[in-house]
Amino acid sequence: MSRAARVALAGLAAAVVALVIGMIWGGRAFPRIIPGLPDAGVVVRWGLPVSKLAMDVAGLATVGLLLMAALLLPNDKGVLGKPAAEYVRAASWSALAWAGAAFLSIVFTTADAWGRTVPQILNREYLIGQATDTTQGVALTLVVLFSVAIALFSRGAITAGAAAGLLAFALVTLLPPPLTGHLSSSPNHDLATSSLSLHLLSIALWVGGLAVLALHALRKQPQLEVAAARFSTMALVCYAGVGLSGVFSLVARLTAVSDLWTSQYGMLVVAKIVAFVLLGYVGWWHRQRTLADLQAGKPRAFTRLAGGEMLLMLATVGLAVALARTPPPQFTVPGDRAYDLLGFPMPPPITLGNVLSMWWFDLFFAAVAAALAGLYAAGVWRLWRRGDKWPVGRTVSWFIGVLVLVLATQSGLARYAKVLFDVHMIEHMMLSMIVPIFLVLGGPVTLALRALKPAARRGDRGPREWITTILHSRFSKVITHPAIATAIFVGSTYVLYFTPLFEKAMVEHLGHIVMTSHFLLSGCLFFWVIIGVDPGPNRLPYVGRLLMLFVTMPFHAFFGVALMMTGTVMAPGWYEQLGRTWGPSLVQTQIDGGAIAWGFGEIPTLLVLLAIAMQWYRDDERQARRADRKAARSGAGDPELDSYNAYLARLNRKDKVDKGE
Ligand code: HEM
């Protein structure tokens, strides 16, 4: 057996041993069976965490293999090299293992939920019921379907673009279980689900990437130094992501710091924190020593340390799965339906003071805002350090956009938007109109293309080449077509509010994240086509942009009117369940919401008109200067100017003749 296979097996063994220790330490290995209460038995008690661990490890492996193929190993003009193509094929098998483990998780989760043994539940009724009616069952079924799709598509993928698409799909496939978990066992279930999702995403890239890199080194495969250098930058960001999301997961599950040493759950977390700090030290040592050795052609130290690091990481994953099976310390929350739905108590009657003071931390969009601000600032900083200029207006515009995003998703507005339809509509309008206008005027793509260095190797794809590839792709040509961008921007609003989708989006945390992200992205797409300052595949002439704006705005007004005329309560499964006792009636908030949708459109229209006018004027100026320069260079004068002067001369002569001079 090769050294790489031995180390991989040792990694799996470390994960299983850590899981067993964690289950014993967390008190889940030998629970007290209470006579008369249903017990699914030992097979299910261990089958569930083991299948969960297999699911996590297969998911991490699939992400790691695709990451290595698409982004870490150099490619030749987008075509994968031999090792990279091998990794994509290996991802096809790990994805299949992922699907199998997820299916087993459905079986064991069903047995655990019903307190039945596996043979007892393997009749159609339980399993189908679980897989289709419970959010957890649906989430696991999605993982089965998505990972089977990844397994199939990986078979034929030979380009870096296809591998990158599969990587994005694999990252999405990680999300349904954590995002649909309704952790009623948490003081703040939105924070609990968002933090766990970000935790798993960072872990998949970090642990998956490192594991494949370690095996690449152990198998003495080529271009290790390039892949390791690229991974090292990413690993630092992932390490910060794992730590931050881990701490937020903790905050969402514990009610006091003392829980860390007074509860079994807390002590398992402490063990993970110790592992996290150790892994940080290993990462620092790589940056201090082994990466430099590797670049100097001495891979030995890197290979040994990466192998050990992989074992520690997989052991921590095993511990984490045991942690997820361990009940967090008890806490008391208001038992009312509103708290259950909102994740926070029903707020007091709305006032401006409450909107400004009762901020509600939404980790997902806080992370989005931080990433937007951080990446843009890093780009401007890099240009500045290089002595290149970047228009201050664009930077200011970008940060106004980020600020409005924070206000819409973190201030009291976000809290009341969950309770009152009209406030929800204000949040919707800010996210789909105001934030995008300021973001697209910030010129993020132009900044990225100027700040990022070209790939070191000819024909290879670094971040800068990936941006140009995406910009010139068929996908962006289609999606940025004015008709498509308008249809998405306008049509999706009608589809969301006049179908059951809206209620689903309000009730489910995942639905709420998707709805809010859609507002943002569809708005950015629409306004990028109209007033974006970046290079794009479908740039309309200014008249065309005005037309696009004027064709769209009436639809928004009509949407507002349609809302005002709906006499029935929208999303009753949400608003009626909340049982709000203060303020206007549900239908009245809809009428107000309709009026807001109708009236709010004026603000962006004005902003866009201003932007188009300024861009048009500047463009004219630029063209005039270019024509002058050209005329000056060719000394041929300006044919346009010349013909105009000739026309004036003719007029002058005619004048003189008419006056008989
Ligand atoms: C600062 C350090 C860390 C903290 C505070 C932390 C905390 C947490 C918490 C609270 C959970 C949720 C468990 C539950 O569902 O109740 C979790 C899940 C998880 N953590 Fe961490 N973690 C940390 C570092 C790590 C590291 C270093 C790894 C792996 C290398 C890791 C792997 C995982 C995995 C895989 C899960 C999901 C388990 C599952 O649901 O299957 N964590 N973590």
**Computed over the range 361-623: relative contact order in percent, which uses C-alpha pairs under 8 Å that are six or more apart** = 23
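On average, how much area does the Cα convex hull of the range 436-548 cover when viewed from any direction, in nm²?
Mean projected area for the range 436-548: 8.8 nm², to one decimal.
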**Request:** Return a whole-number percent for the relative contact order of the chain, with Cα pairs under 8 Å and 6 or more residues apart as the contact set.
**Result:** 14
**Complete:** Within the under-13-Å Cβ sphere about P74, not counting P74, Lys/Arg +1 and Asp/Glu -1 give a net charge of +2
**Proximal lysines to K504, defined as alpha-carbon separation beneath 16 angstrom and excluding residues fewer than eight positions away on the same chain** = K418
**Request:** Find the centroid of the Cα atoms in the range 326-392 and in the range 1-55, then give the distance between the two in whole Å.
**Result:** 36
**Complete:** Taking N as the residue count of the range 562-603, its alpha carbon Rg divided by 2.2 N^0.38 Å gives 1.25
**Asked** For the range 1-61, which trypsin sites (Lys or Arg not before Pro) are in a loop by DSSP, counting at most 15 other Cβ atoms within 10 Å?
**Response** R32
**Request:** Of the options P541, P604, P391, report the single residue whose Cα projects farthest towards the positive end of the charge dipole of the range 361-623 (beta-carbon charges: Lys, Arg +1; Asp, Glu -1).
**Result:** P391
**Prompt:** At q = 0.13, 0.14, 0.23 Å⁻¹, what log₁₀ I(q)/I(0) does a Debye calculation on the Cα points of the range 400-487 give, no solvent, two decimals?
**Reply:** -0.65, -0.72, -1.06
**Prompt:** For the range 361-623, what are the per-bin percents of Cα-Cα distances with bins 5 Å wide, up to the bin holding the maximum?
**Reply:** 1, 6, 12, 16, 17, 17, 12, 9, 6, 3, 2, 1, 0, 0
**Prompt:** Structure shown: which of K52/K298; K82/K453; K77/K630; K52/K77; K82/K298 lie over 30 Å apart, alpha-carbon to alpha-carbon?
**Reply:** K52/K298; K77/K630; K52/K77
**Prompt:** V321: net charge of surrounding residues, Cβ under 12 Å, Lys/Arg +1, Asp/Glu -1, itself excluded?
**Reply:** +3
**Asked** How large is the accessible surface per residue of the chain, computed with a 1.4 Å probe and reported in Å² as a whole number?
**Response** 48
**Prompt:** Modelled label-to-label distance, W46 and R618, 7 Å Cα→beta-carbon offset: nm?
**Reply:** 6.7
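Just order 430-441, 551-562, 304-315 by mean Cβ neighbour count inside 10 Å, highest at the front, would you?
Final packing ranking: 430-441, 304-315, 551-562.
Rounded to the nearest percent, how much of the accessible area of the chain (1.4 Å probe, protein heavy atoms only) is carbon and sulfur?
69
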**Message:** Need one number: nm distance between label points at A595 and L12, each 7 Å from Cα along Cα→Cβ, rounded to one decimal.
**Reply:** 6.6
**Alpha-carbon radius of gyration plus Dmax, which is the widest Cα pair, for the chain in Å** = 29.1, 123
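The values are calculated or read from the model by the stated rules, or taken from the named source; none is laboratory data. Every value quoted in this text rests on a predicted model; they were computed, and no experiment measured them. Every residue, glycine as well, gets a Cβ built from its backbone with ideal geometry; the counts of neighbours run over all protein chains shown. Ligands, DNA and RNA are excluded from the accessible area calculation, which covers all protein heavy atoms including side chains. Shrake-Rupley method; radii C 1.70, N 1.55, O 1.52, S 1.80 Å.
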